[in-house]
Amino acid sequence: MVFKNHSVWRKVAMKDNGFVDWTSLPDDAMIQLFSLLNYDDRANLSATCKAWRIVGASKCLWTSLDLRGYKFNITMAVSLSPRCVNLQQVRFRGAESADAINHLNAMNLRDISGDSITDDTLTMLVSRHEDLRCIQVGPDDKVTSGSIKAIAFYCPKLKQLRLSGIKDVLADSINALANYCPNLVDIGFIDCLNVDGVALGHVLSVRFLSVAGTSNMKWDVASHVWCKLPELIGLDVSRTDISSTAVSMLLSSSRSLKVLCALNCPVLEQDITVNTVKTEGKLLLGLFSDIRNVFSDWGCSNEIMTWLKWILSHTLLRIAKSSPQNLDYFWLKQGVALFLSLLQCSQEDVQEMAASGLATCIFANEGNAIIDPGKAEAVVKNGGVPLLLDLAKSWQEGIQSAATKAISNLSADPNAAKTVSDEGGIGIFIKLARSKNRHVSEAATGGLWNLSVGEEHKAAITEAGGIKTLVDIISDWSSDADGVLECSAGALANLAANKKYSTEIAIAGGVQSLATLINNCKFRGVQEQATRGLVNLAAHSVRNGPNAREAGALEALIQLTCSPHEGVRQVAAGALWHLSLTSVNREAIAAAGGVEALVTLAQSSSNSSQCLQGMVAGALWGLSMSKANSIVIGREGGIPPLIVFAHSDSHDVHEVAAGALWNLAFDHSNVFQIVEEGGIPVLARLCSSSESRKARFMAALALAYICYGRTNEFARTGTSSENTSKSVSLDEARTTALKHIEAFILTFSDPQAFAAAVSLPFTLILSCRVCIEAEIGRFIAMLRSSSSILKAFAAFALLQFTDPQGRNAVYHASLMLDAGAVKVLRAAAASANEPIEVKIFAKIVLRNLEYHQQETLYLV
């Protein structure tokens, strides 16, 4: 909590023993302190002691309520009702909140503002609060003209009525206002479909009128009637199809009119005669005029200026939300500056709308989450960041939320993000993220999400306690706060991309929080970001793996493979792929049913995006490094979808699918299924034509395994007739496979291609194998094959294991020596009947083995 003049109050509360007794402060000082707190903090502070409970219940602290950021229902309204005797102003959002207001028993209510209200609720509300002076409702298409009649009948003291989003505002309703509301001076029928313009001419008390965004207005008739209104001094026709003729009529014929606001009126702006309209000394505001200096250069009463600032902030906000494509120049030249000027206004609702407008207009276009760098630069250059940060500290949560949202959006621009960070924005975001107001917390966590994209900001977020705050938020908020949870999980996911901060997140309990979030919240965005966080946590540290398993992360990820959202399934499969790269995690995933779940996902992903197919194939590739998992994948039907993926035009997809089929082909029980499902032609195509060298090599490895020895062994497991048909099928497959393996080997017959053959990618493929000893043994045995093609390929593979530049080459060499590889290699190298490729590859492997022996002796 930050209070102005807190040092003075501290001295007043200071006792002789040096301790501070805050309860000794005078009641008026404590009431001032309480007035600077939001409702939640007031309630918490009131609960600390009897004295403060009495102060916290003071009726002067409860003259206004802003409920928009809270879940407000009838139960809460009943609990607050004893304090609301003097309540005069309430702002709400949502149908549930609107229904609950009637239970506050606020008989002195003067001002209501909200949305999502029905006819019945609004009628009941005004019937119980006849002292209402100001009503602002909308946008609401559920409110009808009948409610306007009810307002007129029950609110004779009404001064201001602003309704938006109503379909029809009929003559009898407007006439009722004219007859029963003699003090009504400010009327706004905004974004309505039909408004009876003639009837508005009967409301003789009106001084300020807005029909902005209203359709189907008969301007020739309306302008003729309105110019006769005796008290009309301010008129807003922005975002309508008003003509220059109607504008000229109003300006020239109305004796009382002083300002006409016509922003974003296409018909008017396209009329080349608009600049010749005589204003008769009155103010005409449009996108074609210079609005920036109107606050300082145009002398008018405070009453007019108060109304004009509201109209400008509201209209500019509506224009920003509609994102017209041709207004970029306006925003850069005037719009941003206007918003910044309105931010410094003393009217709280104007400040809030200006901050919201600024948060919206800086986007490049509608539906695009990219910030326009020019607009962001304009905000920064004109001092917008410190101004917004100062407003974010306001005790008024509406302003606080809007200002924080604007800073959050600015933080998505790298240059603006640096300014936000330099001005202390990270600390402010972290403090506001703890707010109990959903909108404030969402805006603040969104800012941390945007800033955490940049590596340069991650350290500052962590040092300021951001990780613990984000983890706590995920634990504290219920699953219905989708925005807060998505932003918090997104920020943690970004931080977890760095190994250092990944470890800190795991220590802070982030793994468990994200796993619990995945299980409890079904909102797509939340699941995607939480899963992405687990992916990054799993990718960096072996330490994070066990934590993930203990926290139930595996179960959560496996469950998400059945999500109805493809993006969620994709991220979940990617996370399991990362986790499957360690043997301990492979066992845990299998024990939790992950192998079967991924096979099911693969079977349903034939027509899915290439990204999802690649992630699923990658996860099955990782899991198939275990022999037990390999058998389960084959048994559960994982081979057919992998063959489909291997046929993909995307090398990212067919590369991992080839890797999975290579692993599966190591086990003889899968071989015939690969052949029967048409795997040979697909692998052969990859082996010969894939743009990925890794895919070609792994396809060749799979074909070699299929060809070597195991085919006959598998065929003997069936009946005689079955064996005959299988043998024919396998013989044909063997012939096709050998042909493409030979073609693969021959591509390395020239020196340049051979140099590429012993380069790092091939070496890494074999170095990452789990069963290295069995793999090497397989290739040594293959050197004794009757097929010279398989011999050449075996020597080529062993060459990769022993490449002096490869990882673990010394260890691989020792395994080969123990397995008796030297004798077999020498025989192959010396044979007069072997092809030249077999001899060359065998000799190079022998040379490598000798090199590694000498290196070992040297080290000893």
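The residue of the stretch 362-401 that is most open to solvent (accessible area, probe 1.4 Å), among those that are under 23 Å from F34 (Cα atoms) and hydrophobic (A, V, I, L, M, F, W, C), is W395. When V237, V206, V259 are checked against the criterion of being closer than 16 Å to K282 by Cβ, crowded, with 24+ Cβ neighbours inside 10 Å and touching a Leu at 6+ places or on another chain (Cβ under 8 Å), a single residue qualifies: V237. Residues in the stretch 334-347 that are open to solvent by 30 Å² or more (accessible area, probe 1.4 Å) and either farther than 15 Å from I362 by Cβ or of a type in the set (S, T, N, Q) (or both): 4 in all. Selection within the stretch 581-597: residues that are open to solvent by less than 40 Å² (accessible area, probe 1.4 Å) and assigned to a helix (DSSP H, G or I). The member of this set that is nearest to G634 (Cα to Cα) is V595. Scanning the stretch 598-625 for residues that are open to solvent by less than 30 Å² (accessible area, probe 1.4 Å) and under 15 Å from L664 (Cβ atoms) returns L598, V599, A602, V616, A617, G618, A619, L620, G622, L623, S624. Quick one: is V453 open to solvent by 10 Å² or more (accessible area, probe 1.4 Å), under 18 Å from the mean Cα position of the chain (by Cα) and either farther than 23 Å from E397 by Cβ or of a type in the set (S, T, Y) (or both)? Criteria met by V453. Residue check: D480 meets all listed conditions (1) open to solvent by 20 Å² or more (accessible area, probe 1.4 Å); (2) part of a helix (DSSP H, G or I) but one, namely (2).
Note on the stretch 38-104: enclosed helices (runs of 4 or more DSSP H) holding 3 or more residues that are surrounded by fewer than 16 Cβ atoms within 10 Å (Cβ to Cβ) and without any contact (Cβ under 8 Å) to a residue 24 or more places away in the chain are 50-56.
Having 1 or more residues that are polar (S, T, N, Q) is the bar; report the strands (runs of 3 or more DSSP E) wholly within the stretch 110-228 that clear it. Hits in the stretch 110-228: 111-114, 134-137, 160-164, 208-210. Taking the numbered list (1) farther than 21 Å from L703 by Cα; (2) in contact with a Leu (Cβ under 6 Å, 6 or more places away or on another chain); (3) of a type in the set (S, T, Y); (4) part of a helix (DSSP H, G or I) in turn, T600 passes all entries but (2). Taking first residues from the stretch 586-601 that are over 16 Å from L560 (Cβ atoms) and in contact (Cβ under 8 Å) with a residue 40 or more places away in the chain and partners that are of a type in the set (S, T, N, Q) and crowded, with 24+ Cβ neighbours inside 10 Å, the Cβ contacts under 9 Å between residues at least 6 apart in sequence or on separate chains come to R586/S580; R586/N629; A590/N629. Applying the criterion of being more than 27 Å from D241 (Cα to Cα) and among the basic types (K, R) to the residues of the stretch 150-194, the residue that is farthest from the chain's Cα centre (by Cα) is K157.
Within the stretch 240-256, restricting attention to residues that are farther than 12 Å from W226 by Cβ and of a type outside the set (D, E, K, R), the residue that is surrounded by the most Cβ atoms within 10 Å (Cβ to Cβ) is T240.
Pairs linking a residue in the stretch 241-264 that is touching a residue at least 24 places away in the same chain (Cβ under 8 Å) and part of a helix (DSSP H, G or I) to a residue that is among the aromatic types (F, W, Y) and open to solvent by less than 10 Å² (accessible area, probe 1.4 Å), with Cβ atoms under 8 Å and 6 or more positions apart or on different chains, are L250/W226. Filtered by the rule that a residue be open to solvent by 10 Å² or more (accessible area, probe 1.4 Å) and farther than 16 Å from G234 by Cα, the stretch 178-194 gives A178, N179, Y180, P182, N183, D191, L193, N194. Is it the case that A797 is free of Cβ contacts under 8 Å to residues at least 60 places away in the same chain and assigned to a helix (DSSP H, G or I)? The answer is no for A797. The residues on offer are S421, S408, S435, and the sole one that is small (G, A, S) and within 16 Å of the chain's Cα centre (by Cα) is S408.
For V211, the criteria (1) buried (at least 22 other Cβ atoms within 10 Å of the Cβ); (2) modelled with pLDDT under 95 hold in every case but one, which is (2). In this structure, is A406 of a type in the set (A, V, I, L, M, F, W, C) and surrounded by fewer than 24 Cβ atoms within 10 Å (Cβ to Cβ)? For A406, the condition - of a type in the set (A, V, I, L, M, F, W, C) and surrounded by fewer than 24 Cβ atoms within 10 Å (Cβ to Cβ) - is not met.
The values are calculated or read from the model by the stated rules, or taken from the named source; none is laboratory data. Being a predicted model, the structure only gives us computed values, none of them experimental. Heads up, the Cβs are rebuilt from the backbone with ideal geometry, glycines too, and the neighbour counts pull from every protein chain shown. Heavy atoms of the whole protein, side chains included, go into the accessibility calculation; ligands, DNA and RNA do not. Shrake-Rupley method; radii C 1.70, N 1.55, O 1.52, S 1.80 Å.
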